Amino acid sequence: MEFDYFNYKSNNKVQKGSIIFSQPLMKDKNFHRSVILICEHNDDGSLGYKLNEKITSINIKTSLDKLIIDNLYNGGPVDHNYLNFIHNFDGVVGNKLAIENNLFLGGDIDNVIYLSKKKPDTLKFKFFLGYSGWEPKQLEDEINGNSWIVINEYNSDFIFKDIDEKFWFKFLSKNGGKNKIFSNYPSDPSLN
């Protein structure tokens, strides 16, 4: 995957719509090599979804639509009974939150399933079980402690692609400095 999606300028200023990449030596296993979309950031805290951990098997009996199952990601370590989604179509009905231009959180899930069949080349989406959450100022403290790289200028098309740990690695390798060196570390440096 090419990285023309990003105008790489990390300024450590997180905001609604930021993409955050975990630093290579992050100790929190929940966010190891994560790419997260920040959907809400205010005085009450921050909420986001991991974009690069696809759920390949569901061990529970479920009545989820095949569309959801085929596009389902682990959104983070909080509340795995919680299903939500992001999409790129303002025409989705229901209560939705605008994150950025042509990027929304939530809405009527049945409407998304219906529209996905009617507009398969227009509507893009990802579904998430669980989410990533931070208390007020917690995310800023983690950023200042070098746990996250913050990206605020990007083309949102990449969000709806299948991205994985390799995407994280390639992004950090491309952006030089200590990130390039540390991106080559094994997942568990103690095994090296």
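The values are calculated or read from the model by the stated rules, or taken from the named source; none is laboratory data. Given the structure is predicted, the values throughout are model-derived calculations rather than measurements. Quick reminder, even Gly has a Cβ in these numbers, built from the backbone with ideal geometry, and neighbours come from all protein chains shown. We work out accessible area using only protein heavy atoms, side chains counted, and drop any ligands, DNA or RNA first. Shrake-Rupley method; radii C 1.70, N 1.55, O 1.52, S 1.80 Å.
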Could you tell me which numbered condition N30 fails, if it satisfies all but one of (1) modelled with pLDDT of 80 or more; (2) surrounded by 18 or more Cβ atoms within 10 Å (Cβ to Cβ); (3) in a helix (DSSP H, G or I)?
(2)
Those residues of segment 10-27 which are of a type in the set (S, T, N, Q), assigned to a loop (DSSP other than H, G, I, E, B) and at negative phi amount to S10, N11, Q15, S18, Q23
Residue under question is F85, and the condition is that it be open to solvent by less than 60 Å² (accessible area, probe 1.4 Å), under 28 Å from F171 (Cα atoms) and touching a residue at least 40 places away in the same chain (Cβ under 8 Å); does it hold?
yes
Subset of segment 33-49 (residues that are open to solvent by 10 Å² or more (accessible area, probe 1.4 Å) and under 14 Å from D162 (Cα atoms))
none
Take segment 112-148 and flag every residue that is of a type in the set (F, W, Y), out of contact with any Ser or Thr (no Cβ under 6 Å at 6 or more places or on another chain) and either over 25 Å from V78 (Cβ atoms) or open to solvent by 10 Å² or more (accessible area, probe 1.4 Å) (or both).
Y114, F125, Y131
